[in-house]
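Derivation of every value follows stated rules applied to the coordinates shown; laboratory data play no part. Being a predicted model, the structure only gives us computed values, none of them experimental. In this analysis, Cβ positions are derived from the backbone assuming ideal geometry, glycine residues included, and neighbour counts consider all displayed protein chains.
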Amino acid sequence: MKSLLVGLFALSFSAIANGEVEMVRMETAPNMIRADLYYQTPLSTPKAVLVLCPGANGEGKDLIEAAAWMDFAKQNQLGLVGLSFASTVTAIHDGSGYYYASKGSGQKLLDGIKKIYHKDLPILVYGFSGGAHFTSRFEEWMPQRVIAWCADSAGWWDVPVKSNFSPPGIVACGDKDPRYGASLTYFKQGRASAKPWLWVSLGGIGHAGSPKLDDFVRSYFASVLDSNAKKSAFVDIDLKTVLQSPEAQASPSLTGWLPSDTLLASWRIIHEP
């Protein structure tokens, strides 16, 4: 009985510490059939919001209930939101569905964040597969709201838009995933335009999420959020060596950008070109 009471107390305390998961439902944009956001009830005013984006037409509730993401959000004073948008398969493939943030879904996310937190917060965004489609297009549609991002294993990508400002980001894919070539090409196109992006090639992984990538993304986001982080670094994405800025500028599509050189060791471990 005593152990049962202790267990119930621990569960209750955990719920209080992390907030309750709630959902806000908004009117859909054109070519959307669902526009919901799950979120951890904020216990204090967050500095920014972390948006986790599941695969095609997925619901983000499970993502924001993961202990690692709840702890990360708490440690960094972040709101935590799980994207739960959906469109028909036809709309997804004809370029009008929620994958395409500029067609209305991006504004739905911004409206939902404003509704939840009562202010326009800066955003960290991480998406896998269908979520990567939304993530990559959202950060290019609204770069001024994005602190950093990661897009993992989208099936197809738009040509990166040249701009005067681009938030730092990660393009990732498993090397056993048929989406690998398209993902690497997108990364190289972005780097050719001098965007501050990093490539992560996940060895031996097909089309699946990666806990190792999740860990690295948390470290990457924390580094971007840390105003006292050590200096950034350019890296050769094939040799995994550090480059000087002139070398990186000479062959940008063969290089990546790290927001802090403290991430070098962990990137070398996870990245298998």
Residue of I205, I113, I92 that the Gaussian network model of the chain assigns the largest fluctuation, springs spanning Cα pairs under 10 Å: I205
Beta bridge orientation in the chain: antiparallel %, DSSP, nearest 5: 40 percent
Highest-MSF residue in the chain out of N164, N76, N228 [GNM, Cα springs under 10 Å]: N164
Between 0 and 90°, nearest 10: helix 130-141 axis offset from the chain longest Cα axis: 70 degrees
Degrees between helix 180-192 axis and first principal axis of the chain (Cα, 0 to 90, nearest 10): 70 degrees
At most 16 other Cβ within 10 Å, DSSP loop - GluC sites (Glu not before Pro), segment 24-124: E27, E59
Where trypsin sites (Lys or Arg not before Pro) fall in DSSP loop in segment 229-263, at most 10 other Cβ within 10 Å: K231
In segment 107-215, the trypsin sites (Lys or Arg not before Pro) that fall in loop regions by DSSP, at most 12 other Cβ within 10 Å: K119, K162
Angle in degrees between helix 211-225 and the longest Cα principal axis of the chain, rounded to the nearest 10: 80 degrees
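May I ask for the Kirkwood hydrodynamic radius of segment 17-224, worked out over all distinct Cα pairs and given in angstroms to one decimal?
Details: mean 1/r = 0.0596 Å⁻¹.
Kirkwood hydrodynamic radius for segment 17-224: 16.8 Å.
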Separation of alpha-carbon centers, segment 107-153 and segment 212-273, rounded to whole Å: 22 Å
Unit charges on C-beta of K, R, D, E only; dipole of segment 17-224, Debye: 520 debye
Listed pairs K176/K212; K188/K212; K47/K119; K162/K195; K114/K195; K47/K114 exceeding 20 Å between Cα atoms: K188/K212; K114/K195
